[in-house]
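The next block holds one structure in the form of structure tokens; read it before the comments.
The values are calculated or read from the model by the stated rules, or taken from the named source; none is laboratory data. Fair warning: this is a prediction, and the values are worked out from it, not measured in the lab. Quick reminder, even Gly has a Cβ in these numbers, built from the backbone with ideal geometry, and neighbours come from all protein chains shown.
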Amino acid sequence: MKRILPYLVLSVMVFAACKKTANDLSEPAQEDKLASREEINTFIRSELARVQKFEWKTASDVLIWSALQQSDNVMSVGYKAAGASNVEGNLHNIDINAADWKAAKDKVLAQILESERKLDKDLQLADIIQWDETVLPVTDVLVKNIETVKMLRANNLVRYAEPMGYEPNTGIDVQARSSSGCGSNVAEGGLVANVDYTTVTPNAKQSWNHSYHKITQAWAKSTGAGTKIFIIDTGCEFDQENLGSAFNQGSSSGRSVEKIVTLPRSTFLGIPTGPVETPDDGCGHGTSMAGAAAAPRGTDGASVGVAYNCNLVTCRAAEDVLIDGSREVKGVADAYTNAANRADVKIISMSMGKITSSSQISDAINYAYGKGKLMFCAAGTSFSWTAGWYGVIFPAYLSNVNAVTGVRDNNFKTSCTDCHDGSETDFTIVMEKASNERHPLTLAMTGDAPSTVGGSSVSTATMAGIAALVWSRFPTYTRDQVLNKLIQNSANYPTRNGSYGWGNVNADGATN
């Protein structure tokens, strides 16, 4: 099954055919001429080919303004107090309501309003602020004037100013793109006992891939009790009772499950237009991730998660696994800061990503890192005919998260059919049978019959579950001590592989 980020690489390859070269757009044009989507995508493509990632700071003022005009005009502006240094490494200690930080924000907003009023003299501050920010030194504003872009990027109070909702998607049907990773979490027919799963007491199905990570042996020492995993994804299906009223059953007891939402309402020109979002999973992807990590070891014949006695928070931060809208960027950033500010949360897992970078999401991840959270992100997955062509995606390639990808059962250094890998990969999980491409078991949207899910998505959720086993076994450990346990009990230790990092984790060894 091809569920995580199937359109990422396709979007890159489609716009590769455009004729405009990177040199045409890397410097401001002689006149402020709006660049087409094709021209913007060509520049993004050139950067991906050059350095395997795209950061908006490499683009010209004209290109950034054009990307705003070609999307929803929402700009993410990271500000800083006068004289502040090492902001990114100190975000968890910054009080944005302190006088110097508030003064910087107010001044930047006043400058934006003054510039935007050159196009519309009746604008008020409330007209341009898209969302209020209560944690990070960032503001999200509607920008239409190219002079505003130029002013912000030259401003000594501004850390970054970039389009929030632009993502290359030329040539992709909008409906298909918006449902990326969704709609496939239904019961899988033809699962074979003792081949695709093993029945474990009291009556649960353990996925075939657990044996490669010695999870059964680890269960003799730890089941995840006392730890809490925070899953950032598309939510959790209300109709799946194993993540609700039956979360505690059989060998799973005394734990909690919480469902929240950080995805803001749809807006148009700053005005809310869509319904208030709920934590319910309209996609299916988030439910499958929660099941892989934390489903109960129950009596109803459903699949069991890796950390079947951990506590769980599921957060609906996006509509699907491709983070390609301003409100999804805001939802993901708010999810990380929400998790960061919870003392009970130790592990954050996200099986979503995007082609272009987002400094606002990076800020939120740096904030969570400063709060001591252990974070895992999916390295990326695409169509089978493009897997391996594109490297580790954003935000998995960031240094403060651990990128996870999937490998086959016959060669632990062969990516799954759809999985991305690269030098930023930290860990691998066996999640695809070479013989028939069978993927691991998880919970379907409803009922007890298991579904299956593949890609770096399930690899990431599985890795989060293993980390919960380790932290439960050593509850006084810090984040770095847990991470070292995982590294030292991985197949490639002590020599990190250039494409697969530390490799497959031995959960049994890591819980010794």
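Scan the range 484-497 and give yes if some residue there is over 28 Å from Asn411 (Cβ atoms) and of a type outside the set (A, V, I, L, M, F, W, C), otherwise no.
No, the range 484-497 contains no residue that is over 28 Å from Asn411 (Cβ atoms) and of a type outside the set (A, V, I, L, M, F, W, C).
Output the number of residues of the range 338-378 satisfying the condition of being outside any helix (DSSP H, G or I), farther than 20 Å from Met289 by Cβ, touching a helix residue (DSSP H, G or I) at 6+ places or on another chain (Cβ under 6 Å) and not charged (D, E, K, R).
3
Read through the list (1) modelled with pLDDT of 95 or more; (2) in contact with a Lys or Arg (Cβ under 6 Å, 6 or more places away or on another chain); (3) crowded, with 22+ Cβ neighbours inside 10 Å, then give the number of the only condition that Gly181 fails.
(1)
Go over the candidates Gly422, Gly447 one by one and state the one that is in a loop (DSSP other than H, G, I, E, B) and under 24 Å from the mean Cα position of the chain (by Cα).
Only one candidate passes the filter, namely Gly422.
Out of the range 115-125, which residues are farther than 15 Å from Ile146 by Cβ and assigned to a helix (DSSP H, G or I)?
Residue satisfying the conditions is Leu125 alone.
For the range 101-129, name all the residues that are free of Cβ contacts under 8 Å to residues at least 12 places away in the same chain and surrounded by 17 or more Cβ atoms within 10 Å (Cβ to Cβ).
Once the filter is applied, which keeps residues that are free of Cβ contacts under 8 Å to residues at least 12 places away in the same chain and surrounded by 17 or more Cβ atoms within 10 Å (Cβ to Cβ), the range 101-129 yields only Leu123.
I'm trying to understand the selection: among the residues of the range 319-337, which are buried (at least 24 other Cβ atoms within 10 Å of the Cβ) and assigned to a loop (DSSP other than H, G, I, E, B)?
Matches in the range 319-337: Glu319, Asp320, Val321, Ile323, Asp324.
Can you find, within the range 82-99, the residue that is farthest from Leu152 (Cα to Cα) among those that are surrounded by 13 or more Cβ atoms within 10 Å (Cβ to Cβ) and either of a type in the set (Asp, Glu) or touching a residue at least 24 places away in the same chain (Cβ under 8 Å) (or both)?
Looking at the filtered set, the residue picked out is His92.
Looking at the structure I just gave you, is Gly274 surrounded by fewer than 19 Cβ atoms within 10 Å (Cβ to Cβ) and either at positive phi or in contact with a Cys (Cβ under 7 Å, 6 or more places away or on another chain) (or both)?
No.
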